[in-house]
Amino acid sequence: MAKISTVILEDVQYVAAQMADTLSVLAGKTVLVTGACGFLPSYFVDLLVAFNDAALDDPCRVIAVDNFVSGVPDRLQHLADRADVQVVTADLSKGLTLDAQPGYIIHGASIASPVFYRRYPLETIAVNVDGTRNLLEAARCGTQSFLYLSSSEIYGDPEPNAIPTPETYRGSVSCVGPRACYDESKRLAETLCFSYHRLFGLPVKVVRPFNVYGPGQRLDDGRIIPDLISKALRRQPLVLYSDGRATRAFCYIRDAIRAMLLVLLSDANGEAFNVGNDTEETPISRVADVMCQVAGPGITVEYHISEDSDYLTDNPNRRYPDLTKLRNLGTWKPEVDIREGLTRTLRSYQDSDHPACSPEAANGTIRR
């Protein structure tokens, strides 16, 4: 049986302790997590289990749903013998039948990796649109809070005057480009969420993550941090297929999970919140340089031109969130800077028993 990464265990135990009072409302409730073997949703599952172990005589029940198109099958294997966790294999786009009405829903099912959504564009649209509508219908029977994990991709490549980007920005998104299957279906999923709130009073909230990274991402994900980690593990040069000047505000997953839980358990129904890191807007070249320092001597950075003609199509030059709404919701702030986050992430993948840690699994090229 696979074991949980020590770093992930540290992260979720930290959040469970820090947010114990906030999470106490989940005692005895059923929490549905979709896309549960994916990067972000799997952290929610581990966090809820950590909270059950630490604080609850009346634990919450976790229903973890995935169809394993892009989720790692072994990601939750360490929970196989848990009475408080039920893993269900299902395709949300075709509907979902449960034996209990969930009090809380964390809807993270999606295909978020550029490598995978370009391979499975129709499946990406189906889960984001049909899957979301099916779940919203199911939530009408008494769900207390529904959290939809959208994406900062819904903003496209923002105009300079919209950076930092607020939730009110309407976006500059191509509906025909190589990213459109993901970007546009996420936008429509948000429309569904807000329509169900307006029509039926559904207690739905939307979060828009900005470049969240950390332990648990597939190394063949195609995004920059997993690729940097993969190359560092194999002691190979870190290859950037751009000039490295594009910037991102990378957010370590522990900080993102704290923020999303704050939104889930708030009264901010029918609202959208950016989630990310507004303290560091970092050029991709600097991220690679920091990864070199974290990985130790002998690692270098190389700049190449991709053979994929669509590689940089519709890729934003800057992605940086305005987090005013999120900060006004509570006392949350990002705690983990890029150096600490990369150090923790690399250490996690050096645990040979951690799912998806094998560097041989990585076959993507580094995104800018």
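How would the stretch 1-68 be classified by its alpha-carbon gyration tensor: rounded, prolate or oblate, with rounded meaning a/c under 1.5 and the a/b versus b/c comparison settling the rest? Present the calculation step by step, with values, prior to reporting the outcome.
On the way: a/c = 1.96, a/b = 1.23, b/c = 1.59.
Oblate is the answer for the stretch 1-68, as a/c is 1.5 or above yet b/c matches or exceeds a/b.
Distant-in-sequence amide contacts of L147, defined by a placed amide H-H separation under 5 Å and a gap of 5 or more residues or a different chain, comprise I105, I106, H107, K205.
E10 to K29: extension gain in nm, 0.36 nm per residue of separation minus the Cα-Cα distance?
Values: separation 19, 0.36 × 19 = 6.84 nm, distance 2.44 nm.
Value of the extension gain: 4.4 nm.
Using only Cα positions of the stretch 177-225, each an equal point scatterer, no hydration layer, compute I(q)/I(0) via Debye at q = 0.25 Å⁻¹ and quote the log10 values to two decimals. For the stretch 177-225 at q = 0.25 Å⁻¹, log10 I(q)/I(0) is -0.98.
Taking square-rooted eigenvalues a ≥ b ≥ c of the alpha carbon gyration tensor, is the stretch 168-258 rounded, prolate or oblate, where a/c under 1.5 means rounded and, failing that, a/b exceeding b/c means prolate? Since a/c reaches 1.5 and a/b is larger than b/c, the shape of the stretch 168-258 is classed as prolate.
Using the Kirkwood radius over C-alpha pairs as Rh, can you work out the diffusion coefficient of the stretch 36-140 via Stokes-Einstein at 25 °C, viscosity 0.890 mPa s, in µm² per second?
Working: Rh = 14.5 Å.
Answer, rounded: 170 µm²/s.
How about K325: which aspartates and glutamates have a C-alpha closer than 15 Å to its C-alpha, ignoring those fewer than 8 places off in the same chain? The reachable aspartates and glutamates, counting only those whose Cα sits under 15 Å from K325, are E167, D267, E271, D278. In order along the stretch 274-288, the phi-based Karplus estimate (6.51 cos²θ - 1.76 cosθ + 1.60, θ = phi - 60°) of 3J(HN,Hα) comes to 5, 10, x, 10, 9, 9, 9, 9, 10, x, 4, 4, 5, 4, 5 Hz; Gly and Pro are listed as x. Shown for K325, K231, K333, K186: other C-beta atoms within 10 Å of each C-beta, ranked fewest to most, produce the order K333, K325, K231, K186. When only alpha carbons are used to place a centre, the stretch 84-122 and the stretch 165-198 end up 19 Å from one another. Between the Cα long axis of helix 224-233 and the first principal axis of the chain there is an angle of about 60°, rounded to the nearest 10.
Beta bridges per DSSP, both residues in the chain: antiparallel share near 5 percent. Label-to-label distance, Q18 versus E137, with points set 7 angstrom from Cα along the beta-carbon direction: 3.9 nm. A simple count of charges around V204, restricted to other residues whose Cβ falls under 15 Å of its Cβ and scoring Lys, Arg +1 and Asp, Glu -1, yields +1.
Counting each DSSP H run of 4 or more residues in the chain as -39500 (n - 2.57), what helix-only mean residue ellipticity at 222 nm follows after dividing by all residues, to the nearest 500 deg cm²/dmol? Write down the numbers at each step before the final one.
Numbers: 12 runs with 127 residues, N = 368.
Dividing the helical sum by the residues of the chain leaves -10500 deg cm²/dmol.
Can you compute the label reach from R245? Point 7 Å from Cα along the Cβ direction, backbone N cut-off under 14 Å, restricted to the stretch 271-296. Residues passing the 14 Å test: 283-286. Gain on full extension, evaluated as 0.36 nm per residue between A54 and L188 minus their Cα-Cα distance, stands at 44.4 nm. Averaging 1/r across all pairs of distinct Cα atoms in the chain and inverting the result yields a Kirkwood radius of 20.5 Å.
Considering only alpha-carbon pairs that sit under 8 angstrom and 6 or more positions apart, the relative contact order computed for the stretch 128-195 is 44 percent.
Provide V25, V31 in ascending order of the number of other Cβ atoms located within 10 Å of each residue's Cβ, fewest first. Walk me through the intermediate numbers first.
On the way: V25 14, V31 21.
Fewest-to-most Cβ neighbours within 10 Å comes out as V25, V31.
Magnitude of the charge dipole for the stretch 100-186, about its Cα centre and with charges confined to Cβ atoms of Lys, Arg (+1) and Asp, Glu (-1), is about 180 debye. Specify the angular offset, from 0 to 90 degrees and rounded to the nearest 10, of the alpha carbon long axis of helix 180-200 from the longest principal axis of the alpha carbons in the chain. With both axes taken from Cα atoms, the answer is about 20 degrees.
With the Cα gyration tensor of the stretch 65-207 giving a ≥ b ≥ c as the square roots of its eigenvalues, does the rule (a/c under 1.5 for rounded; else a/b larger than b/c for prolate; else oblate) give rounded, prolate or oblate? It is oblate, given that a/c is not under 1.5 and a/b is not larger than b/c.
Going down the list K205/K231; K3/K205; K29/K205, which pairs span over 28 Å between their C-alpha atoms? Mind showing how you got there, number by number?
Values: K205/K231 37 Å; K3/K205 32 Å; K29/K205 19 Å.
Pairs exceeding 28 Å: K205/K231; K3/K205.
Once the chain from N161 to D74 is taken as fully extended at 0.36 nm per residue, the excess over their C-alpha distance is 26.9 nm. Taking amide H as placed 1.01 Å from N in the peptide plane, the amide H of S242 sits under 5 Å from that of H304, each at least 5 places away or on another chain.
Could you work out how far helix 253-264 tilts from the main Cα principal axis of the chain, as a 0 to 90 degree angle to the nearest 10? So the helix axis and the longest Cα principal axis differ by about 30 degrees.
No value in this document is a laboratory result; all are computed from the given coordinates. Treat the numbers as computed from the prediction; the structure is a model and nothing was measured. Quick reminder, even Gly has a Cβ in these numbers, built from the backbone with ideal geometry, and neighbours come from all protein chains shown.
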